[in-house]
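The values are calculated or read from the model by the stated rules, or taken from the named source; none is laboratory data. Fair warning: this is a prediction, and the values are worked out from it, not measured in the lab. Reconstructed Cβ throughout: ideal geometry from the backbone, glycine too, with neighbour counts over all protein chains shown.
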């Protein structure tokens, strides 16, 4: 087999680039391991050449190299990633919250070919051009989204493009006999870090923070300022960091600075390289260091979210409510590589003001089989907050007030997963021009009965955990020869389970209608309405309101004298 000259050039450039990169890295490394690195790069390059020359099938160089890069980085930690030139746009969106497109979320139903619009963003092209959740995209310009191998990410890239450019979408809509074409002019889509702020009740303000891109602190400041100006009797603030995966470290510092005094230590980073030890302190005068504050977190609050919640907890500035956070105490920096690629590299760990690192897993130590464990409780160290409350490292931020997460029953999960709730909301929106306000709309008995009829018509079915386990028991009884002697008991149990399932839609009405209400409200009032409608049922928000309205309990939890800084 003849070796392609272009492939040889790729290999040579890769090896040369690797030597230059690692030479520079080794020069700063405590150990002089240049020979070991260059030796292994030489072995790697020659192995790559031999595979290309003699492997039984054709090898695609870029794809093959990407597999190797990803596998190599996976041995470090999940957050050190290679970013190809094609992925730069997605990475820019993560960093800035901005991209150019139509302003809609899309998905594909399991087993179906067409692409479904699941949400349109208020004020952006998809919404202003009349697209709706439930619309199916059949074509993007001349590219069919049906009967192709395009995945959702590839379809998303087709929808994105230069601002002011036009994209033609062929749409199929329930209730409309024929597909139709909608021309949408793409625009810059700026996803806000603070998608919503308002009053959770008459005296308690609420700010939802979903990201930490470049404008995050400015958005939080503006939200807080507006709440204070419009509500002179403001008694407290709820800062919601649930489902917030983090982002820019400096934004975490700036947001913390809104509520803590100038020069307060916010976070410290420590890494292997010289100069990686840095202390980040509040640099500006705060907006308010007194107003009572609760911070909401859950298992998906990570990184910068954990910095902010950790600061508020360590400095006894506010009460953290919810569930233990994710436990990502690692700092990433992006470094440019050749051909418009980048590497997002873990360079340090961060430590909250009390000195604790909340990283839950030690990626530098693996078992013999390569697996990882969370840091055990026995190895966690105790730290003290400013007012001598005990906090611990090694496992995320533990809330001061723990609220158990919602655990939906199997029927509710399947009604959502199979798009039954989604499709009912689509049909409801088509049949009702308007509804009550987001906070006032309720699922009446008539609406719920209509939903039950809809579920029946869809021939909805699901398998419970009990049914799965019963089938496993029956299989074991059959294998061990007890099937005949236990047949009557098994049939009775099976029938009882089937009868019980018939009532599940009524037994679990409260949790089903919670999702149903949010989906319907979202059709009319978009994300803002969906959030507002949840306040009366949101356990963390309700606990926050009760706590912020009870100064005695609030200051007791912080170990502070009442109304003292």
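Miscellaneous remarks
- Among residues of segment 418-467, those that are on the phi > 0 side of the Ramachandran plot and surrounded by fewer than 16 Cβ atoms within 10 Å (Cβ to Cβ), counted: 1
- Residue 234 in a loop (DSSP other than H, G, I, E, B) and modelled with pLDDT of 95 or more: yes
- Single condition residue 417 does not satisfy, out of (1) closer than 30 Å to residue 175 by Cβ; (2) assigned by TED's automatic domain parsing to the domain that holds residue 301: (2)
- The condition of being at pLDDT below 95, surrounded by fewer than 23 Cβ atoms within 10 Å (Cβ to Cβ) and either part of a loop (DSSP other than H, G, I, E, B) or more than 26 Å from the chain's Cα centre (by Cα) (or both) holds for only one of 334, 338, 261, that being 338.
- Total residues in segment 210-227, condition in contact (Cβ under 8 Å) with a residue 60 or more places away in the chain, touching a strand residue (DSSP E or B) at 6+ places or on another chain (Cβ under 8 Å) and closer than 18 Å to residue 284 by Cβ: 2
- Residues in segment 50-82 that are in contact with a helix residue (DSSP H, G or I) (Cβ under 6 Å, 6 or more places away or on another chain) and at pLDDT 90 or above were compared, and the one that is nearest to residue 339 (Cα to Cα) is 82.
- Here the condition is being within 19 Å of residue 425 (Cβ to Cβ), touching a helix residue (DSSP H, G or I) at 6+ places or on another chain (Cβ under 7 Å), crowded, with 20+ Cβ neighbours inside 10 Å and not assigned by TED's automatic domain parsing to the domain that holds residue 416; of 175, 134, it holds for 134 alone.
- Residue selected from segment 178-200 under the condition under 20 Å from the mean Cα position of the chain (by Cα) and assigned to a strand (DSSP E or B), by the criterion surrounded by the most Cβ atoms within 10 Å (Cβ to Cβ): 197
- Here the helices (runs of 4 or more DSSP H) wholly within segment 415-489 that include at least 3 residues being at pLDDT below 90 are 465-479.
- Residue 216 vs. criteria buried (at least 18 other Cβ atoms within 10 Å of the Cβ), within 23 Å of residue 548 (Cα to Cα) and more than 16 Å from the chain's Cα centre (by Cα): no
- Boolean, residue 301 is part of a loop (DSSP other than H, G, I, E, B), modelled with pLDDT of 95 or more and buried (at least 24 other Cβ atoms within 10 Å of the Cβ): yes
- Reported count of residues in segment 44-67, each being more than 27 Å from the chain's Cα centre (by Cα) and in a helix (DSSP H, G or I), is 16.
- The criterion of at least 1 residues that are on the phi > 0 side of the Ramachandran plot is met by the following helices (runs of 4 or more DSSP H) wholly inside segment 494-565: 509-534.
- Residues located in segment 241-257, provided they are free of Cβ contacts under 8 Å to residues at least 60 places away in the same chain and either assigned to a helix (DSSP H, G or I) or touching a strand residue (DSSP E or B) at 6+ places or on another chain (Cβ under 8 Å) (or both): 250, 251, 252, 253, 254, 255, 256, 257
- Filter pass, residue 203 being surrounded by fewer than 15 Cβ atoms within 10 Å (Cβ to Cβ), over 17 Å from the mean Cα position of the chain (by Cα) and in the same structural domain as residue 319 (by TED's automatic domain parsing): yes
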